[in-house]
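Engineer: Input: one structure, supplied below.
The values are calculated or read from the model by the stated rules, or taken from the named source; none is laboratory data. None of the values given here were measured: they were computed from a predicted structure. Because the Cβ atoms are built from the backbone with ideal geometry, glycine has one as well, and the counts that use them run over all protein chains shown.
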Amino acid sequence: MNTSRRQLLKVGLTGLSVVSLSGTVPLFVSNFARAAENPTTGTSVSNDNILVVIQMSGGNDGLNTVIPVGNDAYHKARPVIGLKEKDGLFKLNDDLSLHRGLKAMKEMYDQGQVAVINGCGYPEPNRSHFQSMAIWHTADPKGSGAHGGWLGHYLDHMVRGTNHLTAINIGAELPQALVNDGPPVASITTLDEFRIRTDPATMFDSDMEQKIIRDLNNVRDASPALKFLSRQATNAIISSEKIRDVTEAYKPDAEYPGGLGQQLKTIAQIISGNFGTKVYYCQIGGFDTHSNQPGQQEQLFNQLAMGIQAFMKDLTAKGLTNKVTIMTFSEFGRRIGQNDSNGTDHGTAGPMFVVGGKVKGGLHGRYPSLTDTDEGDLKYTTDFRRVYGTLLESWLNADSAQVLGNRFEPLALYDGVKAGKDDATENPTEKKEDMMMKS
């Protein structure tokens, strides 16, 4: 006798013997058996607004992302790697341009789908990858992480108990941002990890198989913990069935590039299945450009922008563009001046992108001064927690103060949200600043 998915569904998982079913349950059950308390069963959950977070690991150089092309101080600090209009940049206004590797991003920007948020950072910046990433993940300038990640707080306070797939991480290791006090978030690399590992053609020991089925049916007087585990395992089987069906039915309406694009394709597959997942997390690395920055950064920007554009095109064809917002971030920017290896070293503030059908596109936040600096580093002009707070309040309909531990002035990223007093987008060149100071 061979055990099929349908037989497992019919039998139900009612005992701890599920732990021994490593060959017949999805990988994410083995790793995340403690799913949410009140999961969905066979009924589909309608999607609400969805947040997709893209982590640009390594510390992206913001000055060569959103480029102050007319700024004399910029070109003086970067005689080799500094970019000029003739380098094929994409103009945003009279002062700022996007890197040529972000062509696809500029196309979405022209459609009003991209918000560029300048000067994002936090007080007393830290230049350690580990510590600064912890600060961004926890929304705590001390980076203690004592109470989990900012998205973990959101899951605990706002959506706990509604769905056992409220968040999904695309990757092998769960980021600190998603660490929470409640049910752990599933980390996967492909949708195949949600499949139940059964195959009618697979040969099992018949006696062992019959024993497993008897154990699943005959456990009585189980402890509350055992019953809880059983319920979650049963639900995981059901989810695996649903996700398998979605995988087979999904047809991409865009050509996804490799790398990040394939992660976003997996996210599009799950979104199209209407599972009620609220948060997705994925990463693209390689931004620690201490040497030979120009070529490396351009390649990464191509991957980032083309992946997001394919994702947006796919969602648009499926009528889902207005349900999704994408947020990108990097743990810090780079130094203003180039180094001796035609690269840049760890710095402070940098831009963030927020992309979506409902996003109020354009430039947000003041561009940092290149003359009024912190010992050669940019002074941040937009606290990144303002971005988090705006997304929580205006997109995810959450109490940002409860999630972040404080309330931050919102940014005008959506209709109905007013810009703060420090959100001017004008970027005077250093030449203009010098004239103002002399007068």
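Engineer: Give me a count of the residues in the range 354-412 that are β-branched (Val, Ile, Thr), closer than 26 Å to Asp94 by Cα and either out of contact with any strand residue (DSSP E or B) (no Cβ under 6 Å at 6 or more places or on another chain) or outside any loop (DSSP other than H, G, I, E, B) (or both). Steps first, please.
Structural biologist: First, the residues of the range 354-412 that are β-branched (Val, Ile, Thr): 354-355, 359, 371, 373, 381-382, 387, 390, 403.
Cutting the leftovers down to closer than 26 Å to Asp94 by Cα gives us 354-355, 359, 371, 373, 381-382, 387.
Those still in the list that are either out of contact with any strand residue (DSSP E or B) (no Cβ under 6 Å at 6 or more places or on another chain) or outside any loop (DSSP other than H, G, I, E, B) (or both) too: 354-355, 371, 373, 382, 387.
Number satisfying all stated conditions: 6.
Engineer: Here is a follow-up. Every residue in the range 287-299 that is part of a helix (DSSP H, G or I) and surrounded by fewer than 22 Cβ atoms within 10 Å (Cβ to Cβ), please.
Structural biologist: In the first step, residues of the range 287-299 are kept if they are part of a helix (DSSP H, G or I); the result is 293-299.
Within the range 287-299, Pro294, Gly295, Gln296, Glu298, Gln299 qualify.
Engineer: Are there any helices (runs of 4 or more DSSP H) wholly within the range 1-112 with 2 or more residues that are modelled with pLDDT of 95 or more, and if so which? Write out each step before concluding.
Structural biologist: Numbers: elements: 5-11, 27-31, 72-77, 103-110.
Output list reads 72-77, 103-110.
Engineer: Hey, could you check the range 149-179 for residues that are modelled with pLDDT of 85 or more and over 16 Å from the mean Cα position of the chain (by Cα) and say which is nearest to Gln131 (Cα to Cα)? Steps first, please.
Structural biologist: Initial filter on the range 149-179 (modelled with pLDDT of 85 or more): 149-157, 166-179.
With over 16 Å from the mean Cα position of the chain (by Cα) added as a condition, the list becomes 156-157.
Details: Asp156: 24, His157: 25 Å.
So the residue we want is Asp156.
Engineer: Among the listed residues Gly337, Gly307, Gly261, Gly276, which satisfies the condition of being more than 18 Å from His129 (Cβ to Cβ), at pLDDT below 95 and among the small types (Gly, Ala, Ser)?
Structural biologist: Details: Gly337 fails: at pLDDT below 95; Gly307 fails: at pLDDT below 95; Gly261 fails: at pLDDT below 95.
After applying the criteria, what remains is Gly276.
Engineer: Shifting gears a bit: I'm told Glu331 meets every condition in (1) buried (at least 21 other Cβ atoms within 10 Å of the Cβ); (2) part of a helix (DSSP H, G or I) except one. Can you identify the failing condition by its number?
Structural biologist: Just one mismatch for Glu331, condition (2).
Engineer: Please go through the range 57-80 and pick out each residue that is free of Cβ contacts under 8 Å to residues at least 40 places away in the same chain and under 18 Å from Val116 (Cβ atoms). Give the steps one after another, and end with the answer.
Structural biologist: Initially, the range 57-80 is screened for residues free of Cβ contacts under 8 Å to residues at least 40 places away in the same chain, giving 67, 69, 75-76.
Once the filter is applied, which keeps residues that are free of Cβ contacts under 8 Å to residues at least 40 places away in the same chain and under 18 Å from Val116 (Cβ atoms), the range 57-80 yields Ile67, Val69.
Engineer: Could you check how many residues of the range 125-148 are touching a helix residue (DSSP H, G or I) at 6+ places or on another chain (Cβ under 8 Å) and assigned to a helix (DSSP H, G or I)?
Structural biologist: Number of matching residues: 5.
Engineer: Every residue in the range 248-269 that is in a helix (DSSP H, G or I) and charged (D, E, K, R), please.
Structural biologist: Keep residues of the range 248-269 that are in a helix (DSSP H, G or I), which gives 248-249, 260-269.
Matches in the range 248-269: Glu248, Lys265.
Engineer: Could you run through the range 81-98 and say how many residues are of a type outside the set (A, V, I, L, M, F, W, C), touching a residue at least 40 places away in the same chain (Cβ under 8 Å) and within 18 Å of Gly112 (Cα to Cα)?
Structural biologist: Counting residues in the range 81-98 that are of a type outside the set (A, V, I, L, M, F, W, C), touching a residue at least 40 places away in the same chain (Cβ under 8 Å) and within 18 Å of Gly112 (Cα to Cα) gives 1.
Engineer: Tally time: how many residues in the range 310-328 are buried (at least 22 other Cβ atoms within 10 Å of the Cβ), under 14 Å from Ala254 (Cβ atoms) and not aliphatic (A, V, I, L, M)?
Structural biologist: Residues in the range 310-328 being buried (at least 22 other Cβ atoms within 10 Å of the Cβ), under 14 Å from Ala254 (Cβ atoms) and not aliphatic (A, V, I, L, M): 2 in total.
Engineer: Quick one: which residue in Tyr109, Tyr122 is touching a helix residue (DSSP H, G or I) at 6+ places or on another chain (Cβ under 7 Å) and among the aromatic types (Phe, Trp, Tyr)? I'd like the intermediate steps shown before the answer.
Structural biologist: Working: Tyr109 fails: touching a helix residue (DSSP H, G or I) at 6+ places or on another chain (Cβ under 7 Å).
Going through Tyr109, Tyr122 in turn, just one is touching a helix residue (DSSP H, G or I) at 6+ places or on another chain (Cβ under 7 Å) and among the aromatic types (Phe, Trp, Tyr): Tyr122.
Engineer: If you don't mind, another one. Exactly one of these conditions fails for Tyr280: (1) aromatic (Phe, Trp, Tyr); (2) outside any strand (DSSP E or B); (3) buried (at least 23 other Cβ atoms within 10 Å of the Cβ). Give me its number.
Structural biologist: Looking at each condition in turn, Tyr280 falls short on (2).
Engineer: If you don't mind, another one. Being over 18 Å from the mean Cα position of the chain (by Cα) and either buried (at least 23 other Cβ atoms within 10 Å of the Cβ) or on the phi > 0 side of the Ramachandran plot (or both) narrows it down to one residue among Ile67, Ile81, Ile135; which is it? Steps first, please.
Structural biologist: Details: Ile81 fails: either buried (at least 23 other Cβ atoms within 10 Å of the Cβ) or on the phi > 0 side of the Ramachandran plot (or both); Ile135 fails: over 18 Å from the mean Cα position of the chain (by Cα).
Going through Ile67, Ile81, Ile135 in turn, the sole match is Ile67.
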